[in-house]
Structures are given as structure tokens and as C-alpha cells.
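The values are calculated or read from the model by the stated rules, or taken from the named source; none is laboratory data. All values reported here derive from a predicted model rather than from experimental measurement. Cβ coordinates were reconstructed from backbone atoms using ideal geometry, including for glycine residues, and neighbour counts include every protein chain displayed.
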């Protein structure tokens with residue numbers, strides 16, 4: 001066994017600038033160079049070259065309240081496939097039928113998004129009209145059921161009729177006017 005082949009058990013800390021000679025970056029300028037903005041202080045994250053310009057943060061629209069910096073989550077309700085064994089063969093599974101069978105709360109609003117996840121087993125062939133995960137879809141089809149999703153038309157898919165009215169513009173050219181003086185000069189030259 002050689003000492004140089006042993007795995008490292010400690011990590012060396014970073015050299016901290018301006019903390020004396022013992023830090024490894026001591027001395028006159030402490031590794032920051034001489035003069036300039038970064039030698040004296042660090043530059044702010046949102047600094048854009050001038051103090052007077054409105055910063056990026058101030059140009060963004062204001063979003064108030066708690067959790068304003070958190071990403072917006074898709075607040076959909078998840079139901080595992082094992083809870084769908086309550087239904088009978090060839091029944092339709094949607095928001096109303098889930099409320100009726102007591103799988104979800106009856107006071108949920110109609111616009112609640114529900115997603116079926118693939119945890120558990122399904123022993124009944126059902127017609128599911130909700131969004132499902134890949135695992136849940138395969139289990140539903142394996143049990144003899146099917147997933148029926150109504151495709152919602154997006155803005156890009158709907159044809160837009162454009163009515164264009166043809167407008168003809170008549171542009172009249174201005175008539176050339178000849179000054180009397182130039183005509184007189186030309187006649188004098190001819191004589």
C-alpha cells in the first residue's frame with residue numbers, strides 16, 4: 001500500500017482574499033489586482049452597468065404576497081387507480097361519477113383538474129374521461145377499459161378568417177409649373 005494511492009478524506013478550503021498572509025492570499029492587493037470596481041467590492045447580481053438605469057427586478061411586473069418567488073404549481077388532484085375498483089364494468093369515470101361514488105369530496109368545484117395515477121391494480125374495465133399517467137393508461141387498457149379524452153382546441157388550431165378590404169388610392173402627381181422668368185430668358189437666348 002502506497003500513501004499516494006489512498007483516497008482523500010479531507011477537502012481543502014477555498015482561499016479567502018484579504019484575510020492575512022496565513023490565508024494564502026495575503027499581501028498588498030490580496031489577489032484582487034490593483035484598482036477598479038472588483039478590487040474594492042463585489043458587483044451586485046443585478047448590476048447592469050450603471051446606477052441610474054432601472055434594474056431588471058424593478059422592470060418586472062409586481063407580484064405581491066407570500067410565496068411570490070416560488071414557481072406556480074399545477075394544483076391538480078391525484079387519484080390512484082386502486083380506488084377505481086369501486087366502479088362497475090363499462091362505467092364512465094369522470095369528476096361527477098368520482099364525487100357520486102365518494103372517491104373524492106363532493107364539495108369540490110367543477111373546474112378541479114383530476115389526474116389518475118397508476119398506483120395499485122385495476123380489475124374492472126372502465127371508460128375514463130380524465131387525464132391519466134402512462135402507467136395508469138397501460139393498466140386501464142390491460143383491464144379491458146379505455147381512456148377517452150376530449151381534445152380541447154388550442155388557439156393555433158382554430159382557423160381564423162381574415163377579411164381584407166381592398167383599398168385603392170389615387171395619387172395625383174403635381175403639375176409642373178414653369179416660372180415666367182425662365183421662359184423669358186430662354187426666348188432671349190434664342191434671339
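Suppose we keep only residues that are more than 43 Å from the chain's Cα centre (by Cα) and surrounded by fewer than 12 Cβ atoms within 10 Å (Cβ to Cβ) within the stretch 10-26. Which one would you say is farthest from residue 49 (Cα to Cα)?
Filtering first and then ranking leaves 22.
Could you check the stretch 4-16 and list, in sequence order, the residues that are in a loop (DSSP other than H, G, I, E, B) and either over 27 Å from residue 32 (Cβ atoms) or touching a helix residue (DSSP H, G or I) at 6+ places or on another chain (Cβ under 8 Å) (or both)?
Answer for the stretch 4-16, where residues must be in a loop (DSSP other than H, G, I, E, B) and either over 27 Å from residue 32 (Cβ atoms) or touching a helix residue (DSSP H, G or I) at 6+ places or on another chain (Cβ under 8 Å) (or both): 6, 7, 8, 9, 10, 15, 16.
If I go through the stretch 124-142 residue by residue, how many of them are in contact with a helix residue (DSSP H, G or I) (Cβ under 8 Å, 6 or more places away or on another chain) and either at pLDDT below 90 or assigned to a loop (DSSP other than H, G, I, E, B) (or both)?
So the count comes out to 3.
I'm told residue 48 meets every condition in (1) in a helix (DSSP H, G or I); (2) under 38 Å from the mean Cα position of the chain (by Cα) except one. Can you identify the failing condition by its number?
All conditions are met except number (1).
Do we find a residue being within 30 Å of residue 130 (Cβ to Cβ), exposed (fewer than 10 other Cβ atoms within 10 Å of the Cβ) and either under 24 Å from the mean Cα position of the chain (by Cα) or in contact (Cβ under 8 Å) with a residue 12 or more places away in the chain (or both) anywhere in the stretch 58-70?
Yes; the residues of the stretch 58-70 include at least one that is within 30 Å of residue 130 (Cβ to Cβ), exposed (fewer than 10 other Cβ atoms within 10 Å of the Cβ) and either under 24 Å from the mean Cα position of the chain (by Cα) or in contact (Cβ under 8 Å) with a residue 12 or more places away in the chain (or both).
Conditions (1) in contact with a strand residue (DSSP E or B) (Cβ under 6 Å, 6 or more places away or on another chain); (2) under 24 Å from residue 145 (Cβ atoms); (3) not in a loop (DSSP other than H, G, I, E, B), marked per residue:
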position: 30; (1), (2), (3): no, no, no
position: 34; (1), (2), (3): no, no, no
position: 58; (1), (2), (3): no, no, yes
position: 63; (1), (2), (3): no, no, no
position: 66; (1), (2), (3): no, no, no
position: 82; (1), (2), (3): no, yes, yes
position: 88; (1), (2), (3): no, yes, no
position: 116; (1), (2), (3): yes, yes, yes
position: 122; (1), (2), (3): no, yes, no
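Those residues that are within 29 Å of residue 144 (Cα to Cα) and either in contact (Cβ under 8 Å) with a residue 60 or more places away in the chain or surrounded by 11 or more Cβ atoms within 10 Å (Cβ to Cβ) (or both), I need them from the stretch 101-110; list them, please.
101, 103, 104, listed by residue number.
So which residues in the stretch 71-100 are in contact (Cβ under 8 Å) with a residue 12 or more places away in the chain and farther than 18 Å from residue 121 by Cβ?
74, 75, 76, 77, 90, 92, 94, 95, 98
Please go through the stretch 27-37 and pick out each residue that is within 42 Å of the chain's Cα centre (by Cα) and surrounded by fewer than 10 Cβ atoms within 10 Å (Cβ to Cβ).
33, 35, 36, 37
Filter the stretch 94-113 for residues that are touching a helix residue (DSSP H, G or I) at 6+ places or on another chain (Cβ under 6 Å) and not in a loop (DSSP other than H, G, I, E, B) and give the result.
Within the stretch 94-113, 101 is the sole residue that qualifies.
Among 32, 19, which is the only one that is in contact with a helix residue (DSSP H, G or I) (Cβ under 6 Å, 6 or more places away or on another chain) and modelled with pLDDT of 85 or more?
Every option except 32 fails the conditions.
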